[in-house]
Amino acid sequence: MSKGQDGEIGGEGPIVVWLRNDLRLDDNPPLAAAAETGRPVVPLVVFDEESKDVRQLGGAHKWWFHHSLESLATSFRGKGSQLTLRRGEGAKIVPEVMEEVGADALVFNRRYDEGSRAVDDAVVEALGDDVAVTRYAGNLLHNPDEVETNSGGYYKVYTPFMKTVMKQKRRAPVDAPSGFKQPDSFPKSDKLEDWDLLPTKPDWSGGIRDFWTVGEKAAHDRFADFCDECLGGYDAGRDKPDKDATSRMSPHLRWGEISPIRLWHTANAYAERRKTIPSGDLESFLQELVWRDFNYNLLYNFGPMATKDFNSRFDDFPWKSSKKSLEAWQAGKTGYPIVDAGMRQLWETGWMHNRIRMVVGSFLTKDLLIDWREGERWFWDTLVDGDIASNTAQWQWIGGTGADAQPFFRIFNPITQSERFDKNGDYIRRFVPELKDLPTKVLHAPWDADEETLEKAGVKLGETYPKPIIDHKKARDRALGAYDEVKG
DNA sequence: CCACAATTTAA
DNA sequence: TAAATTGTG
């Protein structure tokens with residue numbers, strides 16, 4: 001059985017390409033390698049809710065998954081091929097499909113979380129020795145076991161990891177195959193509609209639909225626009241939630257509609273061509289891609305991350321469980337406009353600006369003292385980009401429990417953050433419309449406004465908009481006190 | 001009690 | 001966004 005990303009594909013019959021978080025034709029190494037052999041290619045997607053320890057998709061995930069598959073199926077049809085959809089346990093379904101088409105080779109991109117790795121190993125095990133399996137590394141800049149410290153370990157700190165990655169050679173992107181040889185007959189396929197991935201009554205997906213275009217082509221188009229309009233000035237622009245100045249590649253990367261290697265090369269080539277992009281802006285963008293690799297490095301080399309504090313000192317941290325506070329946070333009704341704007345953006349669009357993710361995360365874990373796992377779970381359920389590595393790593397970062405985390409005692413002041421990053425209040429006004437007529441100087445902290453100002457804007461605190469559910473100063477002191485208990 | 005408007009809610 | 005629920009003349 002062959003292994004590794006440069007391995008030849010063994011066997012001589014049809015090849016099954018098992019697609020997972022790589023729903024694309026461009027820069028997809030196993031797909032390209034399979035097409036290149038000239039042997040029949042069978043692209044397969046398995047919807048697996050049965051294998052143990054695999055995290056179930058959240059609602060927003062499912063919406064994206066549906067539309068991404070629709071788009072991918074169209075792409076394959078355009079190349080004279082056909083995407084096969086099957087539902088069930090990976091270790092049962094993959095061998096079944098291979099048998100059905102007489103395939104003797106299986107190729108796929110590696111996955112890095114424990115649960116998925118177990119499924120992949122179980123599939124390989126179930127296939128036995130008559131089938132050649134080749135695993136590729138198509139979804140990261142580097143395989144996490146290929147970025148080592150000088151002493152042969154793995155990085156727990158971002159900056160040295162980033163410096164090593166910047167120096168490292170990485171593979172060049174591979175173009176989408178121009179076509180695929182068909183098998184004698186394609187395996188039977190489920191109907192996408194039967195997977196029930198879309199919400200029915202009520203259909204809550206309108207806000208998401210308005211905000212996003214799903215699929216490989218949309219990802220490339222959006223990124224081209226981003227390079228034209230936002231790459232120059234990215235370093236400062238990315239921190240302004242009221243501007244549309246981030247790449248918004250996160251869901252496309254999450255589902256693998258575009259690869260990080262492709263983004264890396266496209267951004268570099270663009271900056272090369274247009275000499276006007278300041279190098280610091282390009283660098284900042286590339287470093288965001290490195291953060292994604294760093295998170296996978298943590299997950300793969302030190303996981304699990306969704307459940308266990310990276311820094312075990314926090315295992316005994318006195319988190320509070322308050323259903324009421326958690327629900328107010330989830331609903332965007334904390335009484336802190338910047339926090340509420342973020343939480344409502346998430347609910348409406350399936351996404352939240354990264355700057356604001358930090359603000360709401362700090363508020364949940366430090367002001368409300370609620371366990372970061374609660375926040376992580378909510379994000380997993382509501383984000384279209386909820387990523388097994390980045391979501392967990394970022395929650396541990398903001399909660400202070402992670403590797404190279406924000407120190408727990410660094411507690412964001414939601415008012416200062418709001419004034420600094422949403423200076424004109426456009427972001428708040430967009431997502432918290434009941435405050436839109438307040439003058440900007442009181443918008444960030446409406447409880448400080450005088451009666452007349454509130455009345456003129458039609459705001460009645462406690463009625464049209466909540467009073468703050470907690471006093472930040474007191475909450476800050478309480479958090480520091482709680483931290484004393486575990487800081488040792 | 002209805003017709004329609006306004007508001008809430010749904011992963 | 002749009003269905004479901006609540007409010008109003």
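The values are calculated or read from the model by the stated rules, or taken from the named source; none is laboratory data. Quick caveat: nothing in here was measured; it's all calculated off a predicted structure. Cβ coordinates were reconstructed from backbone atoms using ideal geometry, including for glycine residues, and neighbour counts include every protein chain displayed. Surface accessibility is based on the protein's heavy atoms, side chains included, excluding ligands, DNA and RNA. Shrake-Rupley method; radii C 1.70, N 1.55, O 1.52, S 1.80 Å.
Using a probe radius of 1.4 angstrom, the carbon and sulfur fraction of the accessible surface of the stretch A:384-432 is 47%. A dipole drawn for chain A from +1 and -1 charges on Cβ atoms has a positive end, and of A:V442, A:A328, A:Q287 the residue lying farthest that way is A:V442. Placing +1 on the Cβ of every Lys and Arg and -1 on the Cβ of every Asp and Glu, with nothing else charged, gives the stretch A:12-161 a dipole about its Cα centre of roughly 620 debye. The label-point distance for A:R55 and A:E125, in a model that sets each label 7 Å from Cα toward Cβ, rounds to 2.3 nm.
Could you sort A:24-32, A:101-109, A:318-326 so that the peptide with the highest average Cβ count within 10 Å comes first and the rest follow in order? Present the calculation step by step, with values, prior to reporting the outcome.
Details: A:24-32: 24.2, A:101-109: 22.6, A:318-326: 13.1.
Highest-to-lowest ranking by the protection proxy: A:24-32, A:101-109, A:318-326.
Grab the beta carbon distance between A:K169 and A:E455, set R0 = 51 Å, and tell me the FRET efficiency rounded to 0.05. Can you show the working numbers first?
On the way: r = 64 Å, r/R0 = 1.26.
Computed FRET efficiency for A:K169 and A:E455: 0.20.
Heavy-atom surface analysis with a 1.4 Å probe gives the stretch A:3-138 a carbon and sulfur content of 42 percent of its accessible area. With protein chains left intact and a 1.4 Å probe, residues in chain A average 44 Å² of accessible area per residue.
Projecting label points 7 angstrom from Cα along Cα→Cβ for A:D315 and A:D184 puts them 5.8 nm apart. Relative to the Cα centre, the charge distribution of chain A, modelled as +1 at Lys and Arg Cβ and -1 at Asp and Glu Cβ, gives a dipole magnitude of about 1120 debye. Summing Cβ point charges (Lys, Arg +1; Asp, Glu -1) relative to the Cα centre of the stretch A:74-131 gives a dipole of roughly 540 debye.
Antiparallel DSSP bridges in chain A: what percent, to the nearest 5? Please report the intermediate quantities before stating the final value.
Details: 1 of 20 bridges.
Beta bridges within chain A, antiparallel portion: roughly 5 percent.
The lysines whose alpha-carbon is closer than 21 Å to the alpha-carbon of A:K92, local same-chain residues fewer than 8 away aside, are A:K52, A:K188, A:K191. Distance from the alpha carbon centroid of the stretch A:97-127 to that of the stretch A:396-413 works out to 38 angstrom. Summary of the geometry: the stretch A:227-288 and the stretch A:130-196, compared by the centres of their Cα atoms, lie 21 Å apart.
Counting only other residues whose beta carbon sits under 15 Å from that of A:R274, what net charge do I get with K and R as +1, D and E as -1? Overall, the nearby charge balance is -3.
With a cut-off of 11 Å between beta carbons, the residues surrounding A:M249 carry a summed charge of +2, where Lys and Arg count +1 and Asp and Glu -1. Remark: the Cα gyration tensor places the stretch A:332-488 in the oblate category, a/c being 1.5 or greater and a/b not exceeding b/c. Modelled this way, with points 7 Å down the Cα-to-C-beta line, the labels at A:T416 and A:K436 are 3.2 nm from one another.
For the stretch A:149-234, the share of accessible area belonging to carbon and sulfur comes to 49 percent (1.4 Å probe, ligands and nucleic acids excluded).
Counting 0.36 nm for each residue step from A:T276 to A:K423 and taking away their Cα separation leaves a gain of 50.2 nm. Using the Cα gyration tensor of the stretch A:177-245, with a ≥ b ≥ c the square roots of its eigenvalues, what is the shape: rounded (a/c below 1.5), prolate (a/b larger than b/c) or oblate (neither)? In terms of gyration-tensor shape, oblate. Can you return the lysines within cross-link range of A:K423? Criterion is Cα-Cα under 16 Å, with same-chain partners fewer than 8 residues away left out. The qualifying lysines are A:K240, A:K243, A:K436, A:K441.
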